[in-house]
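No value in this document is a laboratory result; all are computed from the given coordinates. Treat the numbers as computed from the prediction; the structure is a model and nothing was measured. Positions of Cβ are backbone-derived with ideal geometry, glycine not excepted, and every protein chain shown enters the neighbour counts.
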Amino acid sequence: HWDKFYTMIQEKVELQKPMVILLNEMDVGMARSGNVHTVRQLAIQLGMNYAYGVEFLELTRGTQEEQEATKTQRDSLSVHGNAVLSKCVIGDGMILKDPLPAQYFSDKPERGINADGFEVRLGGRMGLFVRIFQHPSPLIPDLHNFRADKFDIPESLPDHFVVGNVHKVEENVNNREILWNYFGFGAPAPNISIHEGNGVDLAASQHGVIVQGDFGPQFCSLGGLKKMNNYKIHKTFRVNCLPAGKVEIGPLSGDFFCSNMRASRAVEVTAPCDWSDAKKPLTMADHAIVSIEVASNKK
């Protein structure tokens, strides 16, 4: 239902005029979503640039319900991933990807993993990270030149923010070092746990880091960032849109914002509901939409 999201952005005050949109689980060439590049189509509608990272190559047309709905169709490309949309110039992109256990690729039912064996796929959970800039520059690379032997400080780049979109990346020492490296924080202090340490923008041109996605509540501190959500208040999963403009969201808080910037407007949760038919509302996604406004770390 990506096409209805455009209308929702125009109608909901808290979602209007976004500078950055972070999207998980977006299809490209899947019959269940019209065999289109959903991210590109949405970016064109909103007049935004975009970066897209593939998470899975889908070997089936999705869940049992999705296969039933598309049984006379074929997938044209069969990929599924994460995206960053922005009004700004996007560059220096990096994908952090984890391997997955074999159960994800099996056609045997695995509870909570592969949609009872109907969703078979190749790939791995991932995070997509980019830097966003106000103006184009020959100094902005398309892809990040990651070096494991050196913690990068992006001093040569124009003024920018770091933006990330993460889908269930593992919390381990290796991923912590990759995140601190890309975020330009320098090496984490020695002899502390992987969830300790506060990231500081060491480059004068870097104005802050913000990451959002579907991950555990400690992922923020893994990257030296603070959690912006209140998990007791900001329930996001699962969404059920009900008649007469009512909605149920919960019991989980699974979509977090992480940042080293200050919030100029607190997190808000918006239900992805289409009440065009008040008696039979459409639930556009099982996760709620979370939004926030943050301010630069530099004056």
Within the chain, cysteines having no neighbouring cysteine beta carbon under 4.7 Å are 88
Most mobile of 14, 155, 58 per a Gaussian network model of the chain (Cα springs, under 10 Å)? 155
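Would you calculate, for the chain, the mean residue ellipticity at 222 nm contributed by helices, counting each DSSP H stretch of 4 or more residues as -39,500 (n - 2.57) and dividing by all residues, to the nearest 500? Intermediate values should be presented prior to the final figure.
Values: 5 runs with 40 residues, N = 299.
My calculation for the chain gives -3500 deg cm²/dmol from helical runs alone.
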Starting from the 7 Å offset along Cα-to-Cβ, what nm value, one decimal, do you get for the label separation of residue 187 and residue 134? 3.5 nm
GNM on the chain, C-alpha springs below 10 Å: top fluctuator among 250, 93, 184? 250
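Let me check against my output: what whole-number percent is the relative contact order of the chain, with C-alpha pairs under 8 Å and at least 6 apart? Don't skip to the answer; put the middle values down first.
Values: 682 pairs, mean separation 39.9, N = 299.
That works out to 13 percent.
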Treating only the Cβ atoms of Lys and Arg (+1) and Asp and Glu (-1) as charged, compute the dipole magnitude of region 158-285 about its Cα centre; round to the nearest 20 debye. 480 debye
Cα centroid of region 1-79 to Cα centroid of region 252-274, whole Å: 21 Å
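Which entries of 17/246; 108/168; 97/235; 87/279 show an alpha-carbon separation above 30 angstrom in the structure shown?
Values: 17/246 26 Å; 108/168 22 Å; 97/235 27 Å; 87/279 37 Å.
Flagged as over cut-off: 87/279.
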Which of the trypsin sites (Lys or Arg not before Pro) found in region 43-111 are in a DSSP loop and have at most 12 neighbouring Cβ atoms, other than their own, within 10 Å? 71, 74, 111
Distance between region 137-161 and region 85-128 - C-alpha centres, whole angstrom: 26 Å
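Would you mind working out the magnitude of the charge dipole of region 114-191 relative to its Cα centre, with +1 at each Lys and Arg C-beta and -1 at each Asp and Glu C-beta, to the nearest 20 Debye? Don't skip to the end; give the middle numbers.
Details: 7 positive and 10 negative charges, 6 e Å.
Dipole magnitude for region 114-191 comes out near 20 debye.
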Candidates 80, 37, 160, ranked by Gaussian network fluctuation over the chain, Cα under 10 Å, top entry: 37
